[in-house]
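Okay, so here's the structure we're looking at.
The values are calculated or read from the model by the stated rules, or taken from the named source; none is laboratory data. As the structure is a computational prediction, the values presented were derived from the model and not from experiment. No Cβ is skipped: glycine too gets one built from the backbone with ideal geometry, and neighbour counts run over all protein chains shown. Heads up: the accessible areas ignore ligands, DNA and RNA and are worked out on the full protein's heavy atoms, side chains in. Shrake-Rupley method; radii C 1.70, N 1.55, O 1.52, S 1.80 Å.
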Amino acid sequence: MLIRRDDVLEAEVDGERVVMSGRSYTYFGLVGTGLAVWQRIDGTANVDDIVAALAEEYDADRSQIDADVVEFVSALEAAQLIET
């Protein structure tokens, strides 16, 4: 399961969700599918669950969605924004 770290700060800035790690001070600006992935990281879903939900929501190739989600989740984890 994927979960947001406790020290993540979030704010809405000009229609964009900005998230920042309180540990690494790395931040991401989230819109579109990045925001959709972030909203699903709630401690109850894993990567496969998120991919399945996005495949239902968007008209895109599932293998491409999978690759994009894995890459994005890896970046969030490297930035110390989420844990598995």
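Amide H contacts for Val8 (H built 1.01 Å from N in the peptide plane; partners 5 or more residues away or on another chain; cut-off under 5 Å): Gly22.
Note on the chain: with neighbouring protein chains present and a 1.4 Å probe, carbon and sulfur make up 48 percent of its accessible heavy-atom surface.
Neighbours of Gln80 by Cβ distance under 12 Å: Lys/Arg scored +1, Asp/Glu scored -1, total -1. Against the chain, whose longest principal axis is taken from its Cα atoms, helix 62-78 shows a tilt of about 10°. For the chain, the mean residue ellipticity at 222 nm estimated from helices alone is -14000 deg cm²/dmol, where every DSSP H run of n ≥ 4 contributes -39500 (n - 2.57) and the total is divided by all residues, rounded to the nearest 500.
Relative intensity of the chain on a log10 scale, I(q)/I(0) at q = 0.11, 0.19, 0.27 Å⁻¹, equals -0.27, -0.81, -1.40, per a Debye sum over C-alpha point scatterers of equal strength in the absence of solvent. Set the Förster radius R0 to 30 Å, insert the Cβ-Cβ distance between Glu57 and Asp6 as r into 1/(1 + (r/R0)^6), and round the FRET efficiency to 0.05. Calculated value: 0.60.
Which value, in Å², gives the accessible area per residue of the chain when a 1.4 Å probe is used on the protein heavy atoms? Please report the intermediate quantities before stating the final value.
Numbers: 5030 Å² over 84 residues.
Ligands and nucleic acids excluded, the figure is 60 Å² per residue.
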